[in-house]
1. Once you keep just the Cα pairs under 8 angstrom separated by 6 or more residues, what percentage relative contact order results for the range C:80-154?
2. Let me know the shape class of the range A:33-79, please: from the alpha-carbon gyration tensor, a ≥ b ≥ c as square roots of the eigenvalues, rounded when a/c is under 1.5, otherwise prolate if a/b is greater than b/c, or oblate.
3. Could you tell me the relative contact order of the range D:35-79? Use alpha-carbon pairs under 8 Å, at least six residues apart, and round to a whole percent.
4. Against the longest principal axis of chain C, how steep is helix C:157-172, in degrees 0 to 90 to the nearest 10, with axes from Cα atoms?
5. Given the C-alpha centroids of the range A:161-218 and the range B:134-195, what is the distance between them in whole angstrom?
6. What do you get for the angle between helix C:129-140 and the principal long axis of chain C? Use alpha-carbon atoms, 0 to 90 degrees, nearest ten.
7. Binned at 10 Å from 0, what are the whole-percent values of the Cα-Cα distance distribution for the range C:70-174, short to long?
8. Let me have the relative contact order for the range D:89-232, percent, based on Cα pairs under 8 Å that are six or more residues apart.
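Just so it is clear, none of the values below were taken in a lab; they were calculated from the coordinates. Not measured: the values here are computed from a predicted model. Quick reminder, even Gly has a Cβ in these numbers, built from the backbone with ideal geometry, and neighbours come from all protein chains shown.
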DNA sequence: CATGAATGAGCTTTCATTCAT
DNA sequence: CATGAATGAAAGCTCATTCAT
């Protein structure tokens, strides 16, 4: 590379003429020497890159650069781009699940609990935009990667299970309708939380540009709370 | 004029020796010479390909092959891959808009009209899966392509406008609540119609695989109708 | 093409929706209908484009666009890109020759005549930068195109012939040395006029950036006049 | 880690079916794995190819083939075609500079030293035709690449500096005129050496074909020596 | 004659992946 | 384990040129 032209990676040579200060040139990366750290770093970088550019748009080089590592390491730790992508998917599911299980809910208070669940879902989507784009990307691919993961399936049930308990209690307390399926309520909440954020850019071209403004978000949360409760309660 | 190089019908010659890099030889060989047909064919193919593979995954070659044309023609008619993609986006918006305007609604019957709108939206999404994946793709890119289109913006208002009229009538007839924004109702309907289909593959890994089954779709439609009406009516 | 994205050529369609004011759309170019004009326009455009971008860098499309014509016309009138290039070369030689023959010299006044020739050469190079870059381009190609032109050769002798006469008179009048070849004097003048301008960009990186400033040019002209006369006179 | 995609040694598979677009298969097959050698080989090949075909005419493929390497390596080491070209320019300047600094001159003998410099310049141009065509190419591009190189600028001053010393001594010894600028003398020498060779192909079409013959070169060297000395001495 | 659509080879660049130390 | 060099296919785009009205 020339001294001034921009380029991706700086390999060897180039500035050999300039008198190097350090005799031994210990620069190249301090030799990370920490397997787990390298692995995690790649995984984190990959989550970001895939979330931003999709599967095809997320190149191995972008990831390894973002992870301050090397392409080679991706193959070393994850076997292939696809393998890495699958682990990324597993990761976002796992973290979502963990966050949900940290929710301290009193299912004996179904109204409050339901409100808390709704708020949690909306909040989680807002704070984890990568969750949304990665799921969209995976759906573009018809879920073929997640299908290859055994682990991902484990993360499914808990979310529904909690909501099921709340519903049961609500029905028992005659607060909630008894003709609703937990799954539908789950989808209702997810739909309202997800779509608003997932499609905010194209919606902006439609409706005006305020969807992400704090008051707009608050307004939407109010609407969602109202709508779900109106649907669920008797 | 030059003495040696004016004939104008020399048979190319020149670089025949060079090993040809590109394959894709032969083709029936009858120059079609039909501008509009070629253009349309490319646009149709591009819609399919981008819908299936996303922007990065949808290669120019895939498109030109599907259109039974040549890479070159894409640049001839659309200037660039991005230019083509933008026209694809404009197309799906336009068609959605046209379909909606073909809806014969009696806004004086707000309940019926609202039900019709809901059914239309759900139906349209179901019958046009490319609409969903293309919008998701565009949102992955933060709407940067649609932002470049002047045309796309025109297609926004009508959808909301119709719903607004229905709402107005409903309120006037004391059937609907008067504290709702049209926009929120629009988002409610769109969310419930969109998310269910958009995320059906990852949801399947979660909930079981029947989301696309006819009875599952019918059940969901029932739930959506019920939920929206419950939200909107007094 | 999308409405906003930039592109080279605007073919068909695009703005069909917009109500066209002129019913018959007589726009596309007024149908030039003038063979010679088209031909000349292409030739002029080609001279500019080849002068600016060289032979390989000067694409047929750039030329036809600059000429407000069509690629096809280039083949119609010139047979090939090379044919057009050869005519361009012939043109710059011819015009140089014509300009030189318009010089009204009194060879009986050899000192004055020589000064006039020098000034003419320097002036011509300065006013016709395309002459320089086209010759450089042709020399890059080892003169293989000019070799194909019968006409070009005709333009050679006059330049030397005139200088020969001046030299002869100068020698006869005992003003000039008698041991010089006309050819060498010709090369001396050409070298000093050509190199300074031809290489002004790389020289600027070397010497500072004032080579094209009026006073710098004037200074150089003075130096050249002095040097040539010093060389030629006794 | 994923259960299905971690092996890391899967034999590629995937897109085997797709008709491959690029040829250039096979190669002895023994990965060379020698960074500096590869880099140098590319740089050498690029110097030749750019010198022969210009910037636009010098394709990446021509270069990589001549270097017995791969297109990809050019981007690996030089970032882009332009980056490679800039390094090529830096190289020819550097080598010219080094050669000049190897000239053992006795500036106390200004006449001899000046003659040596002239002979060196003429000789260097003759032996390094790539120097000439590359500079011409760079000037066609208005020096925009060299302007991007920080390094290139360093190579400028020495050439002038040496000549300056000679001039100073010559003036001090009353051998040389004292009203001359070093820069002009430098340009005089360079012009006479450069133009003759740079334009030899078009000149041949003009003057006859013997410019490169040994005796023609010798004659020109004599003329240049005589002319410069005549200009410089009192 | 002029216009514009079509063609296929070529271009620069980037991709995922593997080899060598 | 880490590092970096190598590889070949494919990407998006442009080229000169020809066919069809």
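1. Rounded, it is 48 percent for the range C:80-154.
2. Note, shape of the range A:33-79 comes out prolate.
3. Once divided by the residue count of the range D:35-79, the mean separation gives 38 percent.
4. Tilt of helix C:157-172: around 20 degrees.
5. Value for the Cα centre distance between the two parts: 17 Å.
6. Relative to chain C, helix C:129-140 is tipped by roughly 90 degrees.
7. Each 10 Å bin holds this share of Cα pairs: 13, 36, 29, 15, 5, 1.
8. Normalised by residue count, the contact order of the range D:89-232 is 31 percent.
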